[in-house]
Amino acid sequence: ENEKINFTEMPELEQWVLHRVSELSEKIHENTEKFNLHDIYLDIHNFCTIDLSAFYFDIRKDTLYCENLNNIERKSCRTVMDILFQSLTTWLAPIICFTAEEAWQSRYNDKENSVHLQTYFKGNQNWKNDEIGKKWSDIRELRSVVTTSIEEKRKEGMLGSSLQAKVSIEANADSFNLLQNINLPEIFICSD
């Protein structure tokens, strides 16, 4: 269960999250040099609410809770979550001191190993992949259109849950190629 997955073995979705962590790491280090804590906080807040909560965790929650312990997606998700914990707690430690320490201690329970004795998490440069970044940005835009359409059908009473939806997409060649080898029902949280 504690086995970590190598970055190159991870599904693209996890690679995208780590790409975002790497991008954010660079911005945080730059803003720290400028003593610009407000922008650090905003960047972290947006990352947590938009990239993680509204997208990544929404997609991976079922994988995390329901898949076999040896499933590559589940192991990759747990590895990414470990990286997210390390990065977010160290980045937030100077801003929300007590909360970061509480989170750190709830995980490690080692009073001599404070989050405030850690260095800022630095993203691995190998995680940067502008191609994956662009691809998943485009997929997120398409997902937004699909989820909006599903929500409209729910409001009309045609669907009770997004899992009852079967999504049809008319796509040009570029969009079609973009969506190849992507588990679309998982991304859209629909049945088909």
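Keeping the other protein chains in place, figure out the carbon and sulfur percent of the accessible area of the chain, with a 1.4 Å probe.
Exposed carbon and sulfur together represent 50 percent of the surface.
If you rank T89, T8 by how much accessible surface each has, with a 1.4 Å probe, what is the order from largest down? Could the numbers behind the result be given before it?
Details: T89 15, T8 110 Å².
Descending order: T8, T89.
For the range 5-72, taking Cα atoms only, what is the radius of gyration to one decimal and the Dmax to the nearest whole Å?
When restricted to Cα atoms, the range 5-72 yields Rg and Dmax of 14.6, 45 Å.
Helix 37-46 versus the longest principal axis of the chain: what angle, 0 to 90°, nearest 10, using Cα atoms?
30
If you build the convex hull over the alpha carbons only and average its shadow over all orientations, what do you get for the range 84-137? Give it in nm² to one decimal.
It is 4.8 nm².
Mind checking the per residue accessible area of the chain for me, 1.4 Å probe, whole number of Å²?
On a per-residue basis, the chain sits at 60 Å².
Which sequence of Y120, Y56, Y65 reflects their accessible areas, 1.4 Å probe, from the largest down?
My answer, sorted largest first, is Y65, Y120, Y56.
If we sort 178-185, 71-78 on the protection proxy, mean other Cβ atoms within 10 Å, highest first, what's the order?
With the highest mean Cβ count within 10 Å placed first, the list reads 71-78, 178-185.
Given the whole protein assembly as supplied and a 1.4 Å probe, what does the accessible area of S53 come to in Å², nearest 10?
Accessible area of S53: about 70 Å².
Just to confirm a number: summing +1 for Lys and Arg and -1 for Asp and Glu over residues other than Q164 whose beta-carbon lies under 12 angstrom from that of Q164, what do you get?
+2
May I ask which residue of T63, Q125, Q86 lies farthest towards the positive end of the charge dipole of the chain, with charges of +1 (Lys, Arg) and -1 (Asp, Glu) on Cβ and the Cα centre as origin?
The residue sitting farthest along the positive end of the dipole is T63.
Let me see the pair-distance distribution of the range 96-192: every alpha carbon pair, 5 Å bin width, integer percents in order.
Percent of pairs per bin, in order: 2, 10, 15, 13, 9, 8, 10, 12, 11, 7, 2, 0.
Give the ranking of C66, C190, C48 by solvent-accessible surface, highest area first, calculated with a 1.4 Å probe.
On the way: C66 100, C190 10, C48 45 Å².
From most exposed to least exposed: C66, C48, C190.
Express the relative contact order of the chain as a whole percentage, based on alpha carbon pairs under 8 Å and six or more residues apart in sequence.
Reported relative contact order: 26 percent.
Just need the relative contact order of the range 1-99 here, percent rounded to a whole number, with Cα pairs under 8 Å and 6+ apart. Mind showing how you got there, number by number?
Numbers: 53 pairs, mean separation 41.9, N = 99.
Across the range 1-99, relative contact order equals 42 percent.
Under a 5 Å amide H to amide H cut-off, with H placed in plane at 1.01 Å, what residues pair with I5 once short-range neighbours are removed?
For I5, the qualifying residues are T79.
Could you compute the net charge surrounding E14? Neighbours are other residues with a C-beta less than 11 Å from the C-beta of E14; K and R count +1, D and E count -1.
Here the count lands on +2.
The values are calculated or read from the model by the stated rules, or taken from the named source; none is laboratory data. It should be emphasised that the depicted structure is a prediction, and the values quoted were computed from it without experimental measurement. Ideal geometry is used to build each Cβ from the backbone, glycine not excepted, and the neighbour counts take in all protein chains shown. Note: accessible area is taken over every heavy atom of the protein model, side chains too, but ligands, DNA and RNA are not part of it. Shrake-Rupley method; radii C 1.70, N 1.55, O 1.52, S 1.80 Å.
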